[in-house]
Amino acid sequence: MLDVEAQKPPNGKWWTPPFDPRFPNQNQTRNCYQNFLDYHRCVKTMSRRGKSTQPCEYYFRVYYSLCPISWVNRWNEQIRNGTFAGKI
């Protein structure tokens, strides 16, 4: 996995995720979760192929911007423990 600190943009460079037509409603919980899954799937696939994981940074920035940090920490802990419910 990529180091979270290495993925953070420089101070003052945070941006708002662009509109995603799959999630048109105000509640962005599903968008957060889907981008978290997409990031981990992307990293897994690119690593398996021996390619750079740079393209996965987009998903990281979107979920890091949308998701509460407590959720992300819990999901990452569940992935490490092998108890994460999502399919990565």
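Here are some notes:
- Here is the P(r) of the range 35-88: all C-alpha pair distances, binned every 10 Å from 0, give 25, 52, 23, 0 in whole percents.
- Per-residue packing, averaged as other Cβ atoms within 10 Å, sorts the ranges 17-27, 64-74 into the order 64-74, 17-27, beginning with the highest.
- Taking all Cα pairs closer than 8 Å and separated by 6 or more residues, the relative contact order of the range 28-88 comes to 43 percent.
- One chain, two ends: Ile88 and Arg41. Fully extended at 0.36 nm per residue, the span grows by 16.4 nm beyond their Cα-Cα distance.
None of the figures in this text is laboratory data; all of them are computed from the coordinates on show. Small disclaimer: the values here were computed from a predicted structure and weren't measured. Backbone-built Cβ (ideal geometry, glycine too); neighbour counts: all protein chains shown.
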